[in-house]
Amino acid sequence: MTEVSRTAPDTAAIIVAAGRGTRAGGDLPKQWQMLAGKPVLAHTLAAFAGFARVLVIHPDDRARAEAIAGDAQVVEGGATRDASVRAALEALAGQGIARVLIHDGARPLISKAVIARVLAALDHHPGAAPALAVTDALWTGAGGLVSGTRDRAGLYRAQTPQGFRFAEILAAHRAHPGGAADDVEVARAAGLDVAIVEGDEDNLKLTFPGDFTRAGALLQRRKMDIRLGNGFDVHAFCEGDHVWLCGVKVPHGRGLLGHSDADVGMHALTDAIYGALAEGDIGRHFPPSDPQWKGAASHIFLTHAAELARARGFTISNCDVTLICERPKIGPHAAAMQTALAAILAIDPGRVSVKATTSEGLGFTGREEGIAAIATATLVAA
């Protein structure tokens, strides 16, 4: 496969997934079983987006691998883990790789923080790997009975990715006779120092059926993405006999001045949704310099913002609009405004709040020179 532009062009990630993993049960090796709607390996590959990636597979899995690999290079592994890693390292030789991360394909919950800690340690050591100190008491057992204890001081639970300076780990693998449990063992056999960095309890290796349940729950927790946005808008009064507020035509002795229909409440809410999406404001999407939007109905803007939120995978959980003015009185129209906004947003009216306040005669709203509005919108990943 062709190389692509990467955020870390001198760093590669090797995803080791050539094993058969039968303890997890199921009809497929564990790395190909489904987790939160995708194969386990799809999650693992995504965790290393931005790096050159090599996916090491069993020959029988090539069709499945090609379907999810994207720009990752697919390499067939060997009969042992170290043979599989060696094959991937050889495939990367000559590509200008300075550092390599070697990761178990069955660890789909690796975090960016752990990856960053491993890479930072490589600035000072030829190798680095994440681990968690053993905190439980350790026993030996025989015949179902405790036969002894072991001192846990200085013991760690190893994790991946195990990171190395590329040239040194390639030389270490070439010199190793085979049979190593992991790449730290290969590195130490070659005399390389390996720094221990802090691992992560969530970085579990899927081994047994129950691990899939736990991993699914962790992925669901990570998926929870809540966005808040706020908007503020002001329009001055002008000649007229009504104002548009939150989608409702309200009789009034004056109108509101604006390029569109000057619906100050809807504009503030539209900007709140754009803000939650980090998409600027109405002016970015509907420039006032463009004559096609002169006199436009503001529901066009709000509909666009709501559709953009849905396209990004969010639902609008709730929104709150406060109109600031002395007159017209908002109370008699608040329910209609609530209904109008809910229809435009395609959400339940119970998730829309419209209320009003005065500025106690202070400022431009107090002098009845115009109307201001503030709005807040909450978006939740669907």
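Over the chain, dividing the summed -39,500 (n - 2.57) contributions of all DSSP H runs of at least 4 residues by the number of residues returns a 222 nm mean residue ellipticity of -8500 deg cm²/dmol.
For the range 103-158, the equivalent ellipsoid derived from the Cα gyration tensor has semi-axes of 32, 15, 9 Å, listed largest first. Note on residue 292 and residue 226: with the Förster distance fixed at 30 Å, the Cβ-Cβ geometry gives a FRET efficiency of about 0.30. Peptides 188-198, 296-306 ranked from most to least packed by the mean count of surrounding Cβ atoms within 10 Å: 296-306, 188-198.
At an R0 of 35 angstrom, the distance between the Cβ atoms of residue 60 and residue 150 translates into a FRET efficiency of 0.30.
Only Cα pairs under 8 Å and 6+ residues apart enter the sum, and on that basis the relative contact order of the range 226-381 stands at 33 percent. Taking the longest Cα principal axis of the chain as reference, the axis of helix 112-121 is set at about 50 degrees.
Where both partners of a DSSP beta bridge lie in the range 8-223, what percent of those bridges are antiparallel, to the nearest 5? Among the beta bridges of the range 8-223, antiparallel pairing accounts for roughly 40 percent.
Dividing the mean sequence gap of close Cα pairs (under 8 Å, 6+ apart) by how many residues the range 8-223 holds gives a relative contact order of 24 percent.
Pop the C-beta distance of residue 278 and residue 236 into the FRET formula with R0 = 30 Å and round what comes out to the nearest 0.05. Once rounded, the FRET efficiency stands at 0.55. For the chain, DSSP calls about 60 percent of its internal beta bridges antiparallel.
Length gained on full extension, residue 217 to residue 138: 25.6 nm, using 0.36 nm per residue less the C-alpha separation. With the simple model of a label 7 Å out from the Cα in the direction of the Cβ, residue 336 to residue 23 spans 6.9 nm. In the list [x] 27; [y] 41; [z] 22, the label attached to percent of Cα pairs over 41 Å apart as derived from the coordinates here is [y]. Distance between the modelled labels on residue 304 and residue 355, one decimal in nanometres: 3.1 nm (7 Å Cα→Cβ projection).
Angle of helix 334-345 to the longest C-alpha principal axis of the chain, folded into 0 to 90 degrees and rounded to 10: 40°.
For Cα pairs less than 8 Å apart in space and 6+ apart in sequence, what is the mean separation divided by the residue count of the range 100-258, i.e. the relative contact order in percent? Once divided by the residue count of the range 100-258, the mean separation gives 24 percent.
Convex hull volume of the C-alpha atoms in the range 8-223, normalised per residue: 145 Å³. Under a plain spin-label model, where a point goes 7 Å from the Cα along Cα-to-Cβ, how far apart in nm are residue 311 and residue 198? Roughly 4.0 nm, to one decimal.
Between helix 81-92 and the chain there is an angle of about 60 degrees, using the helix long axis and the longest principal axis of the Cα atoms.
When peptides 368-380, 258-270 are ranked by their average number of other Cβ atoms within 10 Å per residue, the highest-first order is 258-270, 368-380.
Here, each number is a calculation from the coordinates, and none is a lab measurement. This is a predicted model, so every value here is computed, not measured. Note: ideal-geometry Cβ built from the backbone for every residue, glycine included; neighbour counts use all protein chains shown.
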